[in-house]
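As structure tokens, the structure follows; a few thoughts come after it.
The values are calculated or read from the model by the stated rules, or taken from the named source; none is laboratory data. No experiment lies behind these values; they were computed from the predicted model shown. As a convention, Cβ positions derive from the backbone with ideal geometry for all residues, glycine included, and neighbour counts pool all protein chains shown.
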Amino acid sequence: MKRNPIHLNLIIILVLMALGALTAARADGLPSWNEGPSRAAIVDFVADVTDAGGSNFVPPSERVAVFDNDGTLWAEQPLYFQAIYIFDRIKSLAPEHPEWKTEEPFASVLKSDHKAALAGGGEALLKMAAATHAGITAEEFNQSVRTWISTARHPKTDRPYNEMVYQPMLEALNYLRANDFKTFIVSGGGIDFMRVFAEETYGIPPEQIIGSSIKAGYEIRDGKPTIVKLPELNFIDDKAGKPVGIHQHIGRRPIAAFGNSDGDFEMLEWTTAGKSPRLGVIIHHTDADREWAYDRDSHIGRLDKALDGASQRGWVVVNMKSDWSRIYPEGE
């Protein structure tokens, strides 16, 4: 049967229109990102590595993107949110531990002196995490986090903590996944803490989360097999620990990495040292009106070494004030 050339041309036009609409939809997948170098760098990188006919094409199986959580996907001021959860747990468990009234860092927490409680650095935070996380089953811990997420409110915005996420970064996650990237969280925060809410909040399942952890054991409780959290450090997923965690959990060097602090330096450095096209992105907190402005001297999310090294390494530095048209998913 002879084909009608008019119909054939119409089919070709419709196919081209559909492809154009798909391309436009993908390009419009970052509506909260203002036009400028930061947005262009992300869009150009994705276009480059997904162009099947291009020399920089990266197969979907190798399109791995990693994201820090605190300060990158959600806010981290005035304290890391998991630290606030730990403080709240200490206060709720205090009646069972009268010794905490005089034992640091618990005594400072009970006095709401958070600065003093954290004066001991990572060791103090680990001690508090072990006291509030260990000895309970994984299910009990998960339920505790769910309850806290559903009831606790941020002291500045009065938002639930899982609404203190950045709309532009949610769009970036979706944009990458629409282009066949697999997205992972690689954070210094607790792996079990993040696994409770990350799938619903970010669309990232538990198996794609890497974080710090305490050890766990297998026990039979009330006749049922269960996992119990132990008061012993397992892994710190920060600084040089991040590329190690990526290697151990993912087994591939990412081609894109997003962070916001010096704690992400090694992850960005390792990611962008690969041979194929790479994308390194730093979220720079510059918006004191809609969020916070901090970098080199901040006690949370210090950005100094990575900020100085960004230009030399070709990393994109996102200026939150000028590059993002909005901060949070609904309103400001």
### Query
Do you know which of the residues in segment 26-78 that are more than 22 Å from ALA198 (Cβ to Cβ) and touching a Leu at 6+ places or on another chain (Cβ under 9 Å) is surrounded by the most Cβ atoms within 10 Å (Cβ to Cβ)?
VAL46
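For residues that are of a type in the set (A, V, I, L, M) and crowded, with 18+ Cβ neighbours inside 10 Å, tally how many sit in segment 263-278.
So in segment 263-278, the residues of a type in the set (A, V, I, L, M) come out as 267-268, 273.
So of that shortlist, the ones also crowded, with 18+ Cβ neighbours inside 10 Å come out as 267-268.
Qualifying residue count for the region: 2.
Against the definition (at pLDDT 95 or above, in the same structural domain as LYS275 (by TED's automatic domain parsing) and not in a loop (DSSP other than H, G, I, E, B)), how does ALA65 come out, yes or no? Working first, answer last.
Working: at pLDDT 95 or above: yes; in the same structural domain as LYS275 (by TED's automatic domain parsing): yes; not in a loop (DSSP other than H, G, I, E, B): yes.
Answer is yes for this residue.
Hey, can you tell me all the residues within segment 85-124 that are in a helix (DSSP H, G or I) and more than 30 Å from the chain's Cα centre (by Cα)? Walk me through how you get there before you give the answer.
Of segment 85-124, the ones in a helix (DSSP H, G or I) are 85-96, 98-101, 106-110, 114-117, 121-124.
Answer for segment 85-124, where residues must be in a helix (DSSP H, G or I) and more than 30 Å from the chain's Cα centre (by Cα): ALA94, PRO95, GLU96, PRO98, GLU99, TRP100, LYS101, ALA107.
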### Summary
Quick count over segment 135-191, residues being in contact with a His (Cβ under 8 Å, 6 or more places away or on another chain), assigned to a loop (DSSP other than H, G, I, E, B) and closer than 25 Å to GLY122 by Cα, is 1
### Query
Taking ARG195, is it in contact with a strand residue (DSSP E or B) (Cβ under 9 Å, 6 or more places away or on another chain), under 25 Å from ASP51 (Cβ atoms) and part of a helix (DSSP H, G or I)?
no
#### Entry: Search result, residues across segment 238-262 that are crowded, with 24+ Cβ neighbours inside 10 Å, touching an Asp or Glu at 6+ places or on another chain (Cβ under 8 Å) and either in a loop (DSSP other than H, G, I, E, B) or not assigned by TED's automatic domain parsing to the domain that holds HIS285 (or both)
ASN260, SER261
### Task
All but one of (1) in contact (Cβ under 8 Å) with a residue 12 or more places away in the chain; (2) farther than 30 Å from LEU279 by Cβ hold for ALA107, so report the exception by its number.
(1)
### Query
If you go through segment 79-93 one residue at a time, how many are surrounded by 15 or more Cβ atoms within 10 Å (Cβ to Cβ) and either farther than 22 Å from ASP158 by Cβ or touching a Lys or Arg at 6+ places or on another chain (Cβ under 7 Å) (or both)?
1
### Message
Return the residues of segment 312-326 that are assigned to a helix (DSSP H, G or I), touching a strand residue (DSSP E or B) at 6+ places or on another chain (Cβ under 8 Å) and surrounded by fewer than 14 Cβ atoms within 10 Å (Cβ to Cβ); say none if nothing qualifies.
### Response
SER322
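What number of residues in segment 220-279 are among the acidic types (Asp, Glu) and within 20 Å of VAL46 (Cβ to Cβ)?
First, pick out the residues of segment 220-279 that are among the acidic types (Asp, Glu): 222, 232, 237-238, 262, 264, 266, 269.
Cutting the leftovers down to within 20 Å of VAL46 (Cβ to Cβ) gives us none.
Looking only at that region, the number is 0.
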